[in-house]
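See below for the structure under consideration.
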Amino acid sequence: MSDEKTMVEGFEAPISLHYTFAAGHAISKFLRSMKEGKIVGQRSPATGKVIVPPRGSCPESGKPTTEEVELGDTGTVITFTVVHIPIPNNPVKPPFIVANICLDGADQTFIHLVSDCNNDDVKIGTRVKAVWKDKAEWDYSMDNIKYFKPLDEAPVDIEKLKASRLKEVGKYRHA
């Protein structure tokens, strides 16, 4: 037997995690809306900002959010990355784009795919629209949206978008 040691650079060790998720009131309403093909957020009574998906409370003030706001399915890419590593058992093959998208009228981003485009054409500020699965496939899930597709619109200046949203939400502040 040799005393020589071999450096291990990696190994494969599959794991399986099983858990149960219980959606709260706000997320349950959001998921029911998604089943109907609608995207619904909630407005913070303290900041006036629209949070989507809603969490039931304002992330800045902690105050409960109850005012619902129905949003469209267009928005703006705020940040993004091009993923080059395959995800096991995922039908989406690299390279693909994962983006933080802010829907029109919302003040919080969520993560989703951007597809049906040349990855090099996506920029911060790119305008996008949801591409929905066939209605027969809809479930209580954000996955009802297959991906977002770039629109044939000029990119948005993020700083101007932020300023206009801050001006808009001021009308709804009840602090």
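The values are calculated or read from the model by the stated rules, or taken from the named source; none is laboratory data. As the structure is a computational prediction, the values presented were derived from the model and not from experiment. Cβ placement follows ideal geometry from the backbone for every residue including glycine, while neighbour counts extend to all protein chains displayed.
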Item checked: Tabulated pairs, region 111-127, first at negative phi, second part of a helix (DSSP H, G or I) and modelled with pLDDT under 95, C-beta under 9 angstrom, 6+ apart or interchain -> HIS112/MET142; ILE124/ILE158
Notebook entry, point to check: So PRO54 clears everything in (1) outside any loop (DSSP other than H, G, I, E, B); (2) closer than 26 Å to LYS149 by Cβ; (3) not aliphatic (A, V, I, L, M) except one condition, right? Which one?
Noted result: (1)
Checklist line | region 156-175 residues that are farther than 13 Å from LYS49 by Cβ and modelled with pLDDT of 90 or more, paired with ones that are of a type in the set (D, E, K, R) and outside any helix (DSSP H, G or I) (beta carbon under 7 Å, 6 or more apart) | finding: VAL156/ARG127
Margin query: Please pick out the residue among THR109, THR81 that is among the hydroxyl-bearing types (Ser, Thr, Tyr), within 28 Å of LYS29 (Cβ to Cβ) and within 15 Å of the chain's Cα centre (by Cα).
Written below: THR109
Notebook entry, point to check: For GLY105, are the conditions met, namely being of a type outside the set (Val, Ile, Thr), in contact with a Ser or Thr (Cβ under 7 Å, 6 or more places away or on another chain) and surrounded by 14 or more Cβ atoms within 10 Å (Cβ to Cβ)?
Noted result: no
Notebook entry, point to check: Across region 16-51, what is the number of residues that are of a type in the set (Lys, Arg), surrounded by 20 or more Cβ atoms within 10 Å (Cβ to Cβ) and in a loop (DSSP other than H, G, I, E, B)?
Noted result: 1
Note to self: For region 128-167, which positions are surrounded by 15 or more Cβ atoms within 10 Å (Cβ to Cβ), farther than 20 Å from CYS117 by Cβ and of a type in the set (D, E, K, R)?
What the structure shows: ARG165
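Filtering region 141-155 down to residues that are in a helix (DSSP H, G or I) and in contact (Cβ under 8 Å) with a residue 60 or more places away in the chain, which residue is nearest to ASP104 (Cα to Cα)? Let's see the steps before the verdict.
Step one: filter region 141-155 for residues in a helix (DSSP H, G or I), giving 142-144.
Narrowing the set further to residues that are in contact (Cβ under 8 Å) with a residue 60 or more places away in the chain leaves 142, 144.
Values: MET142: 17, ASN144: 19 Å.
The selected residue is MET142.
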Next item on the list: Please give the number of the condition PHE80 fails out of (1) touching a Gly at 6+ places or on another chain (Cβ under 7 Å); (2) modelled with pLDDT of 95 or more.
Entry: (1)
Checklist line | Given (1) assigned to a loop (DSSP other than H, G, I, E, B); (2) out of contact with any Pro (no Cβ under 9 Å at 6 or more places or on another chain); (3) within 18 Å of PRO155 (Cβ to Cβ), index of the condition ASN89 fails | finding: (3)
